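The values are calculated or read from the model by the stated rules, or taken from the named source; none is laboratory data. This structure is a prediction, so every number in the text was calculated from the model and none was measured. Here the Cβ positions follow ideal geometry from the backbone for every residue, glycine too, while neighbour counts run over all protein chains shown. When the accessible area is computed, the model is the full protein with side chains, heavy atoms only, and any ligands, DNA or RNA have been set aside. Shrake-Rupley method; radii C 1.70, N 1.55, O 1.52, S 1.80 Å.
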Amino acid sequence: NILTQGADIIVRNCSINDNTSNYVAGGVNLFSNTGSVSVSSCSFSRNSSPNTSGYPYGNAGGLFIQTDGSGTTISLSGCTFTQNTSQRDAAGAMLYPLGSNSSVIAELNTFVSNTAKESGGGCWIRCPGGNSAVRYRSNVMNGNSCTIGGSGAGTYIQITSGSLELSDNQFTGNSSIWQGGGLWIEHGGGTMNLYRNRFINNTAGETGAGANLFLDYGTAKIYHNIFNRNRSNRKSV
């Protein structure tokens, strides 16, 4: 658990296994008010966040990163998340910059067999501050699940406004009770580019077995993606 007012936080080459938290982040909880946070080349396995007393309790089984100030950057690269669980959301990792003009970069990560009872079995990215920039590239989501309610078993992304780029990711065998077996995106406004992603054998109880995408206003470009053998109880993509 690392909390700081303005310093940057860097975590590198660590193994975080078999930990439990009754608050948030069974594995690691990182918070910087106005600094940036970087986690690279780490592994998170079998961590859990089981508390049921309400939000944000019980979130982020493996890793929770939060920044509050404007213009911060959260970076997650080259990490693996395996068999982490959460009572609520984000079994693998939750990346949560609250301030405006913030950035999230998540690339070359692997999320395998993580289980959230609600949303974001593998990874949850939430950017409420506005004018955010998210780049989600070359990540692998395999066999993650949302078991009781919620959406986005592979990856769950919420952005109030800004730019979102998803490229060269693989979503395979993820399963959501509600929407977006592989991927779920809610984008308030701006640009959304999805290209060269693969969605294979994902399932959803409702819409969007492969991906469920929402853009309130702006421009969406979706090209050179593969959707194959995804299954939903309703019409899906």
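For region 65-79, how many residues are hydrophobic (A, V, I, L, M, F, W, C) and more than 23 Å from N131 (Cβ to Cβ)?
Filtering region 65-79 for residues hydrophobic (A, V, I, L, M, F, W, C) gives 65, 74, 76, 79.
Still in the list and also more than 23 Å from N131 (Cβ to Cβ): 79.
Going through region 65-79 one residue at a time, the tally reaches 1.
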In region 73-96, the residues that are on the phi > 0 side of the Ramachandran plot, among the small types (G, A, S) and surrounded by fewer than 24 Cβ atoms within 10 Å (Cβ to Cβ): G78
Boolean, E118 is charged (D, E, K, R) and either assigned to a strand (DSSP E or B) or in contact with a His (Cβ under 9 Å, 6 or more places away or on another chain) (or both): no
Residues (assigned to a strand (DSSP E or B) and either modelled with pLDDT of 95 or more or open to solvent by less than 30 Å² (accessible area, probe 1.4 Å) (or both)) located in region 1-27: I9, I10, V11, R12, S15, I16, N17
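Which residue out of S43, S49 is modelled with pLDDT under 90 and not β-branched (V, I, T)? Spell out how you get there, then give the answer.
Details: S43 fails: modelled with pLDDT under 90.
None of the other options fit; the residue is S49.
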Residue that is nearest to N84 (Cα to Cα), among those in region 28-51 that are in a loop (DSSP other than H, G, I, E, B), of a type in the set (S, T, N, Q) and in contact with a strand residue (DSSP E or B) (Cβ under 9 Å, 6 or more places away or on another chain): N47
Failed criterion for S70 (all others in (1) open to solvent by 60 Å² or more (accessible area, probe 1.4 Å); (2) on the phi > 0 side of the Ramachandran plot hold): (2)
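For region 123-226, list the strands (runs of 3 or more DSSP E) that sit wholly inside it and hold at least 2 residues that are open to solvent by 40 Å² or more (accessible area, probe 1.4 Å), modelled with pLDDT of 95 or more and touching a strand residue (DSSP E or B) at 6+ places or on another chain (Cβ under 8 Å); which are they? Working first, answer last.
Values: elements: 123-127, 132-137, 140-142, 155-159, 162-167, 170-172, 183-187, 190-195, 198-200, 211-215, 218-223.
Qualifying strands (runs of 3 or more DSSP E): 132-137, 140-142, 162-167, 170-172, 190-195, 211-215, 218-223.
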Near pairs, Cβ below 7 angstrom, 6+ apart or cross-chain, from region 125-146 (touching a residue at least 40 places away in the same chain (Cβ under 8 Å)) to any residue that is among the aliphatic types (A, V, I, L, M) and open to solvent by 50 Å² or more (accessible area, probe 1.4 Å): G129/L98
E107 being within 17 Å of I10 (Cα to Cα), among the charged types (D, E, K, R) and either in contact (Cβ under 8 Å) with a residue 24 or more places away in the chain or surrounded by 23 or more Cβ atoms within 10 Å (Cβ to Cβ) (or both): yes
